[in-house]
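Enquirer: Here it is, the structure in full.
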Amino acid sequence: MSDRDDAGVHTLPFDVEYGGLEFTITPTAVETDRGVVLIDVGPDGAVDALRTHLTAIGYDLADVWLVVLTHHDGDHAGGLDELLDHTDAVVAAHREEAPYVTGDREPIKGDGDRYPPVAVDLELTDGVRVPTLAGPMDVVETPGHAPGHISLHFPAGGLLIAGDALVADGAASLSGPNPEFTPDMNRALESVAGLADLEIEHVVCHHGGYVQADSDRLREIVDSSC
Ligand SMILES: [Zn+2]
């Protein structure tokens with residue numbers, strides 16, 4: 001997918017088995033001066049696919065210096081404990097997600113089948129900015145799918161890494177968060193409305209990967225859901 005990636009941003013799609021289902025997830029590697037920022041990990045067992053992808057773009061697992069979780073769901077954070085066997089990365093999540101990651105609270109979804117807890121080193125909030133080779137990466141709070149869900153916006157390239165705030169189905173189709181897995185749909189749609197105010201030209205979804213979709217499309221999603 002590198003031809004469609006912004007410089008310094010690489011989608012890492014791979015197939016997983018999770019919750020009795022098989023599907024494709026898309027963590028993202030963002031290059032910085034000091035190595036790789038990984039946006040979401042995947043479920044237990046994701047390390048092998050992550051290693052393969054990172055090797056293909058010239059990195060190793062040990063080059064991941066920061067892991068940003070968009071939220072605590074197991075298909076995003078379940079493989080983090082194993083990843084940390086291979087790298088000393090700083091773990092960052094929104095402060096409302098951190099207790100679920102650290103084991104202070106049981107994950108909201110997942111039938112009590114929790115993944116190995118991991119310490120959160122850095123609690124994120126709206127407006128936190130990380131310098132990357134793709135320009136500044138801004139944390140945007142997008143609650144609804146999870147209470148402290150965040151997305152990552154790159155104003156320089158008009159790129160949004162949406163986590164599960166949006167879902168893609170093929171390269172041309174973007175939709176709102178999946179109602180089946182989104183406990184607070186109203187809040188989630190408010191979050192999409194907030195994203196629509198940003199300069200966005202393309203989006204990476206954890207479920208569905210890269211899609212060409214702009215702020216107008218986000219507004220359509222909100223309008224058609226009201
Ligand atoms: Zn998910």
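The values are calculated or read from the model by the stated rules, or taken from the named source; none is laboratory data. Note that the structure is a prediction, hence the values are computed from the model and not measured. Using ideal geometry, Cβ is built from the backbone for each residue, glycine included, and neighbour counts are taken over all protein chains shown.
Enquirer: Six or more apart or on different chains, Cβ atoms under 7 Å: show the pairs whose first residue is in the stretch 69-80 and free of Cβ contacts under 8 Å to residues at least 12 places away in the same chain and whose second is more than 8 Å from the ligand (Cβ to nearest atom).
Expert: So the pair list comes out empty.
Enquirer: For the stretch 106-114, does any single residue satisfy the condition of being out of contact with any Pro (no Cβ under 9 Å at 6 or more places or on another chain), hydrophobic (A, V, I, L, M, F, W, C) and touching a residue at least 40 places away in the same chain (Cβ under 8 Å)?
Expert: no
Enquirer: For the stretch 125-143, give me each residue that is part of a strand (DSSP E or B) and either touching a residue at least 60 places away in the same chain (Cβ under 8 Å) or within 15 Å of the chain's Cα centre (by Cα) (or both).
Expert: Answer for the stretch 125-143, where residues must be part of a strand (DSSP E or B) and either touching a residue at least 60 places away in the same chain (Cβ under 8 Å) or within 15 Å of the chain's Cα centre (by Cα) (or both): V130, M137, D138, V139, V140, E141.
Enquirer: So, one more: Looking only at the stretch 44-58, how many residues end up being surrounded by fewer than 17 Cβ atoms within 10 Å (Cβ to Cβ), within 16 Å of the ligand (Cβ to nearest atom) and outside any loop (DSSP other than H, G, I, E, B)?
Expert: Number satisfying all stated conditions: 0.
Each row is one residue, and each column tells you yes or no for (1) within 19 Å of D164 (Cα to Cα); (2) under 13 Å from the mean Cα position of the chain (by Cα); (3) in a helix (DSSP H, G or I); (4) within 16 Å of the ligand (Cβ to nearest atom).
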residue: H72; (1), (2), (3), (4): yes, yes, no, yes
residue: H86; (1), (2), (3), (4): no, no, no, no
residue: G110; (1), (2), (3), (4): yes, no, no, yes
residue: D113; (1), (2), (3), (4): no, no, no, yes
residue: V118; (1), (2), (3), (4): no, no, no, no
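Enquirer: Regarding the stretch 59-66, can at least one residue be identified that is of a type outside the set (F, W, Y), within 15 Å of the ligand (Cβ to nearest atom), touching a residue at least 24 places away in the same chain (Cβ under 8 Å) and surrounded by fewer than 20 Cβ atoms within 10 Å (Cβ to Cβ)?
Expert: Checked the stretch 59-66: no residue is of a type outside the set (F, W, Y), within 15 Å of the ligand (Cβ to nearest atom), touching a residue at least 24 places away in the same chain (Cβ under 8 Å) and surrounded by fewer than 20 Cβ atoms within 10 Å (Cβ to Cβ).
Enquirer: Is at least one residue of the stretch 176-185 within 16 Å of the ligand (Cβ to nearest atom), among the β-branched types (V, I, T) and at pLDDT below 95?
Expert: yes
Enquirer: Next question. Search the stretch 179-216 for residues being under 13 Å from L160 (Cα atoms) and of a type in the set (D, E, K, R), and hand back the single one that is surrounded by the fewest Cβ atoms within 10 Å (Cβ to Cβ).
Expert: D197
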